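Enquirer: Got a structure here, written out as structure tokens. Questions coming.
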Amino acid sequence: GAVVSQHPSRVICKSGTSVKIECRSLDFQATTMFWYRQFPKKSLMLMATSNEGSKATYEQGVEKDKFLINHASLTLSTLTVTSAHPEDSSFYICSARLQGSNTEAFFGQGTRLTVV
Amino acid sequence: GESVGLHLPTLSVQEGDNSIINCAYSNSASDYFIWYKQESGKGPQFIIDIRSNMDKRQGQRVTVLLNKTVKHLSLQIAATQPGDSAVYFCAETQAGTALIFGKGTTLSVSS
């Protein structure tokens, strides 16, 4: 199947700093990528839909100024957690689907963010 | 709120048993459903999918059943193995929109 690579897999940062997470589709083009957040022992919660060349669509309750999403190319979307606080600590996962299809979504390996 | 949910948060079985994991969804417009397996610290891994024009689909050791009348989805794992231990999520979507995940069932397989 298609491969989605997410980097870094693990990051620790200090409160007040910003952290960028990259999501790449390695062998296919993805006009749309999705960002999820997952708390321990909980399900994946959709944060936003990232659209190549346009603004991301955020789910209700997700702060767009806190979680900046940029989808500058057909193979790369980035999520920047700005002015991170301990409550932003979580597992962040991106996914992408083959362009123009209603098929399975391919997931990155996730990023474990710890804010200290 | 979540539109897809699982009936049981945990399921414990013996190696070799068959496992059945259930999921209820609420969006009648959903036309595509997927089961994912997630191991600790990793992203979801595709298991099997089914479209709304089907009611059953079989893979290797896994079967997905879809009952649109009661909006119910199930995953059957035959001859469950210790390596099947993980959290299982069902997810629904329509027309290429984002997947919406259910709450998850933790499957524990003892040998």
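Enquirer: With a cut-off of at most 16 other beta carbons within 10 Å, and DSSP calling the residue loop, which GluC sites (Glu not before Pro) in the range A:23-116 qualify? Please list them.
Expert: Qualifying residues, ordered by number: A:Glu59, A:Glu63.
Enquirer: When a/c is below 1.5 the answer is rounded, else prolate if a/b is larger than b/c, else oblate, so apply that to the range B:39-100 with a ≥ b ≥ c taken from the square roots of the Cα gyration tensor eigenvalues.
Expert: Oblate, because a/c is 1.5 or more while a/b does not exceed b/c.
Enquirer: Sequence gap at least 6, Cα distance under 8 Å: using those rules, report the relative contact order of chain A to the nearest whole percent.
Expert: 37 percent
Enquirer: Next question. Using alpha-carbon positions, what is the distance between the centroids of the range A:59-90 and the range B:8-69, in Å?
Expert: Taking the Cα centre of each part, the range A:59-90 and the range B:8-69 sit 30 Å apart.
Enquirer: Which lysines does B:Lys42 reach when only Cα atoms under 25 Å apart count, and residues fewer than 8 places away in its own chain are ignored?
Expert: Of all the lysines, those that pass the test against B:Lys42 - Cα under 25 Å, at least 8 places apart if same chain - are A:Lys14, A:Lys20, A:Lys41, A:Lys42, A:Lys66, B:Lys103.
Enquirer: Among all stretches of chain A without exposed trypsin sites (Lys or Arg not before Pro) (DSSP loop, at most 15 other Cβ atoms within 10 Å), which one is longest?
Expert: Working: sites that count: A:Lys14, A:Lys41, A:Lys42, A:Lys55, A:Lys64, A:Lys66.
No qualifying site falls inside A:67-116, the longest such stretch.
Any read-out appearing in this document is the output of simple, stated calculations on the displayed coordinates, not a laboratory observation. Nothing here was measured: the structure is a model prediction, and the numbers come from that model. Here Cβ is always computed from backbone atoms with ideal geometry, including for glycine, and neighbour counts include all displayed protein chains.
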